[in-house]
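A.B. asks: My questions all concern the structure below.
The values are calculated or read from the model by the stated rules, or taken from the named source; none is laboratory data. Just so it is clear, the structure is predicted and the values come from calculations on it, not from any experiment. With ideal geometry, Cβ positions are generated from the backbone for all residues, glycine too; neighbour counts draw on all protein chains shown. Side chains are part of the model used for accessible areas, which takes the heavy atoms of the whole protein and leaves out ligands, DNA and RNA. Shrake-Rupley method; radii C 1.70, N 1.55, O 1.52, S 1.80 Å.
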Amino acid sequence: MSEMPENNPLAGHGVDPEDGSGLVENSGLHQPYELVVAAVHPASREVMLQSRQLFPVGARPGDETVLPVRCVSSDENGTVLATVTWHDGDPRLLSINSVKLRPGTYRLRAVLDGPARVRFVEPAGVAPDERRWSELLSLIPERLEPSVAAVDLVCGVELGGGREAVDARLRLIRELIKLLDEECAEPDLLRIAILGYGDHALDSRLDDRRVVRGAWLAPAAEALTTLARLRAVESEYHEAAPVEDMLFEAVGRIARTTGERKTVLMTVAGRPPHPPRTSESRVLPCPYGHDSGKLLRTLERNTDVSRIAVVDRLNTHDRPTWLRLGAKALYELPEAEPRRLGVDVGVLVPRVQRLPFPLLDQE
């Protein structure tokens, strides 16, 4: 393995294609061909470029090699596979390819086709990358923070308030889950709960109507299935919705969840909670006496739980409640964007933390 010195051409902005590849057709390599990889200093998290051997001296056309690499979140162009050779301690660029891969560890299989010709046959989809070397270098973050931790995402969604509004809330959650599932490095890192809530029954004959429905923590595919079963319900009361019932369900279940995982409660709603009892506001109280204020205080004392809220429209009167439900991030629904929410949840990597080159298979 060769480490790129700070003052060599590969770390700069003027790498030229290789003039002498070190391989005459049908003869062996005179210099090794290597793959450009990134390494992260374990203490400072500083990112540095290195190279790892693909083909040794003496390799001939037709030879194959397999190299395990680890990819983290890159941009829409994918992970860069750049090959170099070395002359008198200086690297020379042979080719730049890229491939779109979700984060994870991969088996990279390459074939030596001839002078300066390395063909990547695995994974599928490797294609030439026309970007300049200086552009690729500009995408490397100075530091790369550790990978995201395991996350339990609890989605509480209001199912009342009009079909159009409900469809928009469900669509946002669906797009978020799909995005998280596509980009999460390891499926076991992410579990998702869906807690949809309708309205309290104002007619005493309907007291047994189920207010909260859905399913607890499950993989993304199961959460999407649960979400697809939820339907808008007709609102019977416009001043409040049973947010407090959803919180009661979530707080009780979170308290029983064990393991070293972060929990994120994301509430997507339109109306504020009912009060626990009759008050000067004249808003009808929760018939079960659930107190959203006390339930939120329980969550606030738990440092492993963070709260995100997306509300149809913020107003001055209800703002204090939404600020507590959205202590980490608070959005109005029209401005809520799945990728931004994914970063807030802690699963997606911010653009400034994306890395175009593969990592060594250990940090």
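A.B. asks: If the only charges are +1 at each Lys and Arg Cβ and -1 at each Asp and Glu Cβ, what is the size of the charge dipole of segment 45-179 around the Cα centre, to the nearest 20 debye?
C.D. replies: Values: 19 positive and 19 negative charges, 66 e Å.
Here the size comes out at about 320 debye.
A.B. asks: Whole number please: convex hull volume per residue, Cα atoms of segment 222-265, in Å³. Display every interim value, and only then the final one.
C.D. replies: Values: hull volume 4.6 nm³, N = 44.
Output value, Cα hull per residue: 105 Å³.
A.B. asks: Pick out which of 45, 307, 324 has the largest mean-square fluctuation in a Gaussian network model of the chain, springs linking Cα atoms closer than 10 Å.
C.D. replies: Answer for the Gaussian network model of the chain: 45.
A.B. asks: Follow-up question, since we're still on this one. Could you provide, to the nearest whole Å², the per residue accessible area of the chain with probe 1.4 Å?
C.D. replies: Numbers: 17820 Å² over 363 residues.
With all protein chains present, the chain gives 49 Å² per residue.
A.B. asks: Please give every one of the lysines within straight-line cross-link reach of residue 100, meaning a C-alpha to C-alpha distance under 28 Å, and leave out same-chain neighbours fewer than 8 residues apart.
C.D. replies: 178
A.B. asks: Continuing with the same structure: Subtracting the Cα-Cα distance from 0.36 nm times the residue separation, let me have the gained length for residue 278 to residue 335 in nm, one decimal. All intermediate terms of the calculation are to be shown ahead of the outcome.
C.D. replies: Values: separation 57, 0.36 × 57 = 20.52 nm, distance 3.42 nm.
The span from residue 278 to residue 335 would gain 17.1 nm if fully extended.
A.B. asks: Computed FRET efficiency, Cβ-Cβ of residue 182 and residue 328, R0 25 Å: what is it to the nearest 0.05?
C.D. replies: Numbers: r = 23 Å, r/R0 = 0.91.
It comes to 0.65.
A.B. asks: Per DSSP helix of 4 or more residues, -39500 (n - 2.57); summed, then divided by the residues of the chain. What does that give at 222 nm, rounded to the nearest 500?
C.D. replies: Working: 7 runs with 76 residues, N = 363.
Estimated from H runs of four or more residues: -6500 deg cm²/dmol.
A.B. asks: Rounded to the nearest 0.05, what FRET efficiency is calculated for residue 174 and residue 131 with R0 set to 41 Å and r the Cβ-Cβ distance?
C.D. replies: Values: r = 33 Å, r/R0 = 0.81.
Efficiency, rounded to the nearest 0.05: 0.80.
A.B. asks: A further question follows. State, to one decimal in nm, how far the label point of residue 60 lies from the label point of residue 109, with both points 7 Å from Cα in the Cβ direction.
C.D. replies: In this crude label model, residue 60 to residue 109 measures out at 2.2 nm.
A.B. asks: Let me ask something additional. Leaving out ligands, DNA and RNA, and with a 1.4 Å probe, what % of the accessible surface on the chain is carbon or sulfur?
C.D. replies: Details: 8560 of 17820 Å².
In the chain, the share of accessible area belonging to carbon and sulfur is 48 percent.
A.B. asks: Work out the charge dipole of the chain with +1 on the Cβ of Lys and Arg and -1 on the Cβ of Asp and Glu about the Cα centre, then indicate which of 299, 281, 310 is farthest towards its positive end.
C.D. replies: The listed residue farthest towards the positive side: 281.
A.B. asks: Build a GNM of the chain with springs between Cα atoms under 10 Å: which of 266, 246, 48 gets the top mean-square fluctuation?
C.D. replies: Highest fluctuation of the listed residues: 48.
A.B. asks: Just one of (1) 31, 25, 18; (2) 39, 23, 19; (3) 55, 18, 16 is semi-axes √(5λ) of the Cα gyration tensor in Å calculated from these coordinates, so which is it?
C.D. replies: Working out semi-axes √(5λ) of the Cα gyration tensor in Å from the coordinates points to (3).
A.B. asks: Give me the extension gain from residue 303 to residue 122: residue separation times 0.36 nm, minus the current Cα-Cα distance, reported in nm with one decimal.
C.D. replies: Values: separation 181, 0.36 × 181 = 65.16 nm, distance 4.33 nm.
Length gained, residue 303 through residue 122: 60.8 nm.
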